[in-house]
Amino acid sequence: MNTPQPGNPLHGVTLERILTELQTAYGWPTLARRIEIRCFSHEPSIKSSLKFLRRTPWARTQVEALYLELLRERAADSRPRLFSRKEK
């Protein structure tokens, strides 16, 4: 039962892809500061983090929220600027 979910940026995105993109964008030290979970701060790896996030809903929710923030930042960076400020 695959129902379309228009407007849901998480639809069809795997947890592994989310985690990989976050790790690439921020790195483990920044992830550990932004989301205080041990799998990000002590011997971090994608595999151990996935195992923890799959069985810990509150942590997964925080990771997904950070991913949505990353997507918003990327979208804002790619928008064309209508007006530019003149430098003095």
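The values are calculated or read from the model by the stated rules, or taken from the named source; none is laboratory data. For clarity, every value in this text was computed on a predicted model and none was experimentally measured. No Cβ is skipped: glycine too gets one built from the backbone with ideal geometry, and neighbour counts run over all protein chains shown.
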Look through 74, 55, 33, 38 and report the one residue that is exposed (fewer than 11 other Cβ atoms within 10 Å of the Cβ) and either touching a residue at least 12 places away in the same chain (Cβ under 8 Å) or charged (D, E, K, R) (or both).
55
Check off (1) among the acidic types (Asp, Glu); (2) surrounded by 12 or more Cβ atoms within 10 Å (Cβ to Cβ); (3) at pLDDT below 95 for residue 43 and give me the number that stays unchecked.
(2)
In the range 27-81, how many are in a helix (DSSP H, G or I), in contact with a helix residue (DSSP H, G or I) (Cβ under 7 Å, 6 or more places away or on another chain), more than 21 Å from residue 11 (Cβ to Cβ) and of a type outside the set (Lys, Arg)?
10
